[in-house]
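Read through the structure below, which is laid out as structure tokens, and then see the notes.
Values quoted throughout were computed directly from the atomic coordinates according to the rules given, and no laboratory measurement underlies them. Nothing here was measured: the structure is a model prediction, and the numbers come from that model. Note that each Cβ is placed from the backbone with ideal geometry, even for glycine, and that neighbours are counted across all protein chains shown.
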Amino acid sequence: MNILRGRSATGLALSVVMGLAACEAAGTLAGGGTQSDYLVARQALETGNYDLAIRRYSSLMDGMGPQSAARLQLEYAHALLRGDRYQEASNAADGLIASHEGSIRASALAVRGTARHEAARSRMAEGQTDATTRGLLQGARDDLAAFLAQHSALDSSGSMRARAQLIAADLQSLG
């Protein structure tokens, strides 16, 4: 019975992936338009299809006004982060940090801090413990410190506080 459940889950996952691929090929979900394109991007982000999410968010940002584009750019940066494209995620967050206040800026700080930390951890895993790695960790520490100082209520799960502790430990391990 468990084998059948596993096959059903695999089949369902495959159906979702194929459906997303078909949505991208057609350009939209049924009904078309920007809202449908957004739903495709969001669903792709939530299901781990980061390349599709990145393409969709990028396309959507081109046709949006500044306020809508900020939210899309934040989701785009998040998709880049989740897709292990750390430098691009950091770059996408930079503009939001420089030009926004409130939750957009706070979320961009969290994305950039996380991207810098993950980039540093990748370098450390490859044995690269140089000034570049230290700089990434220090930048990550500063981003998360700013996030936590100004918007700690947004960290209800404590994940950014926990990451800040990991960053401190990583910095200490560099000596």
- Query: Are there GluC sites (Glu not before Pro) in the range 94-175 that DSSP marks as loop and that have at most 14 other Cβ atoms within 10 Å, and which are they?
  - Reply: Glu101, Glu126
- Note on the structure: A student applying the Cα gyration tensor rule (rounded when a/c is under 1.5; otherwise prolate if a/b is larger than b/c, oblate if not) would label the range 32-175 prolate
